[in-house]
Every structure is written in C-alpha cells, then in structure tokens.
Amino acid sequence: MKMNTDINILGSIEDLHLIEFFLMAKQKSDIKVPTPLTSIKTEKSFDRYKKAIQSVMLHFPNKKMESLIRTVIQNESISPNSLFLLFWNTAYNNDLFHYLNQHVYFPALYSGRTSLKNDEIDACLMELKATSPEVQSWSKETIHIIASKYLTLLKKFQLVEGKTKKELLHNYLTDMQFLFFLYWVKAMDHQSNILSSHWLLYSLMEKEAFIERILQKKYKKWLDFSFTGEKLSFEMNKPFEEAYHELNHP
C-alpha cells in the first residue's frame, strides 16, 4: 500500500463543484484558480488541490471507468449519484482512504452502529503507524488532522452527518445507483466471483442482500449473470452510456 496525506486536502474542499471544474477542463496543465468556486487565494495552494483531485477522485484506470464518472457528472453535476461514484473511485485510488473504510467505516456500518468518532480513526492510524513505513514519520498532530479530515470527507460523500460526533447514514442504493455500482466494479475488478471481492462492501449491503438483489428480474435488462450458490459472476450487456439513457428515460 502507498500511504499519503491527500485525505487532508480532499477533506478541505469547500465546494465540490471544483471536482466538476477539473473534470471538464480541456487542458489540465493550463487550469487556473476559478475564483467563483473557491476561496483558495494562491496558485501554490490551488495546485495542491488540483493534484489531489486529479490523482485520486479523477484518476481512471481505464476508459470504462472514465466514461462512467464523466457521463454522470456531465449530466447531473455533483449529485447523490455522482457522489457515490466519487466515493468508490476515491477508495480505488487512495490506499489510506480504502484502509480506513475497511477498518473503521465498514465495521461500524455493517454492525449497525449509529456513529463514528475521531478517536476511532486516531487509534486505527496509530496502529498503522507501527507497521507502515510511510506512516511512521507522521506526528500525532498529523494523524489527528487526517482522522478529522477523513470524517469530513465521508460527510461530503453524504455517508455521515453531524459536526462533532458523526452519525452514520445507512444508505440504500437506488436501482440506478445499484447499477452504477455494478458497472463500476466490473470496470475495475476483474475477479470472476464478485462474492470474494473486498469491493463488495462498497455496495453498502450485506452479501446475502446483494445476491438477492442482483438476481431480481428487473436487472436482467442490463446484465447477464451466473450463480452457483458460492460463485456469482456477471457481465454488463450494454455500454454504460446506453444504460444510463434507459435509466433516465424508462
């Protein structure tokens, strides 16, 4: 794993439309400070945000992933749908964010808890500090800031709410969001059995509920699947752009 402090920068974004601005920019190297979208005053600070957003939220391992996120943001701007996609893509591109999701957020969510505290993130990072060379050089102050910004980032993704104590939001994906997840996971995870993938946690549902849902007849229009009881494989049978149009014009 490659650990860095990009969470600090991403959690400090004041207006998430800055992400859309970067996505739509034609020449990324020529992007200047968009004063209507941000209170960032200096080019140096702006470049830090640009680098973090482009390398984490808007980095795409393949054309399918890019098409998925670009299509939704172009049509919906920063919406609940695009926030889920950005959450998933951030986890794919940032090892520390994914690690904290696996060790703090998901255990709390799937155990039915109602809240998360900074102290939990602090403790998780201190344990990581003992084993990760990159994290060993971080001070307690740096770790405390990361813990706070991690929870702030979850709030920006509309996964928690509140100021001091963050209340967990137990989201249930809409049919459209569920299909987004299926397209997303197929674009970045090539395992033949989705049930053995650690990315399944990002569906925000228990394995049994995921199986029951994907087998529903209403989804057969967009995917073909094979289920043996222990192995579940599927393929999306339409390009995402076509499926997205159908979902918006039933």
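The values are calculated or read from the model by the stated rules, or taken from the named source; none is laboratory data. Remember, predicted model here, so these are calculated numbers, not experimental data. Positions of Cβ are backbone-derived with ideal geometry, glycine not excepted, and every protein chain shown enters the neighbour counts.
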Among residues of the range 178-196 being surrounded by fewer than 17 Cβ atoms within 10 Å (Cβ to Cβ) and in contact with a helix residue (DSSP H, G or I) (Cβ under 9 Å, 6 or more places away or on another chain), the residue modelled with the highest pLDDT is LEU195
Within the range 82-94, is there a residue that is under 19 Å from ILE7 (Cβ atoms), at pLDDT below 95 and assigned to a helix (DSSP H, G or I)? no
Do the conditions hold for VAL72, that is, is it modelled with pLDDT under 95, of a type outside the set (Phe, Trp, Tyr) and over 22 Å from THR164 (Cα atoms)? no
Go through the range 238-250 and count every residue that is part of a loop (DSSP other than H, G, I, E, B) and closer than 16 Å to TRP184 by Cβ. 2
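When the residues of the range 195-223 are filtered to those that are assigned to a loop (DSSP other than H, G, I, E, B) and touching a residue at least 60 places away in the same chain (Cβ under 8 Å), which remaining residue is nearest to GLU246 (Cα to Cα)?
Here the residue is LEU204.
Tally the residues that are within 18 Å of TYR219 (Cβ to Cβ) and under 15 Å from the mean Cα position of the chain (by Cα), restricting the search to the range 164-178.
Of the residues in the range 164-178, 3 are within 18 Å of TYR219 (Cβ to Cβ) and under 15 Å from the mean Cα position of the chain (by Cα).
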What tally of residues in the range 11-38 results from selecting those that are outside any loop (DSSP other than H, G, I, E, B), surrounded by 16 or more Cβ atoms within 10 Å (Cβ to Cβ) and modelled with pLDDT under 60? 0
Considering only residues that are within 26 Å of ASN248 (Cβ to Cβ), loosely packed, with under 15 Cβ neighbours inside 10 Å and among the basic types (Lys, Arg), which ones fall in the range 39-75? LYS63
Please note which helices (runs of 4 or more DSSP H) are completely contained in the range 126-194 and include at least 2 residues that are touching a residue at least 24 places away in the same chain (Cβ under 8 Å), hydrophobic (A, V, I, L, M, F, W, C) and farther than 23 Å from ILE53 by Cβ. 175-188
Going through the range 171-183 one residue at a time, which ones are in contact with a Leu (Cβ under 7 Å, 6 or more places away or on another chain) and either closer than 29 Å to GLU120 by Cα or of a type in the set (S, T, N, Q) (or both)? ASN171, LEU173, PHE181
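Residue-by-condition table, conditions (1) more than 24 Å from ILE69 (Cβ to Cβ); (2) of a type in the set (S, T, N, Q):
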residue	(1), (2)
ASN89	no, yes
ASN118	yes, yes
TRP138	yes, no
LYS155	no, no
PHE181	no, no
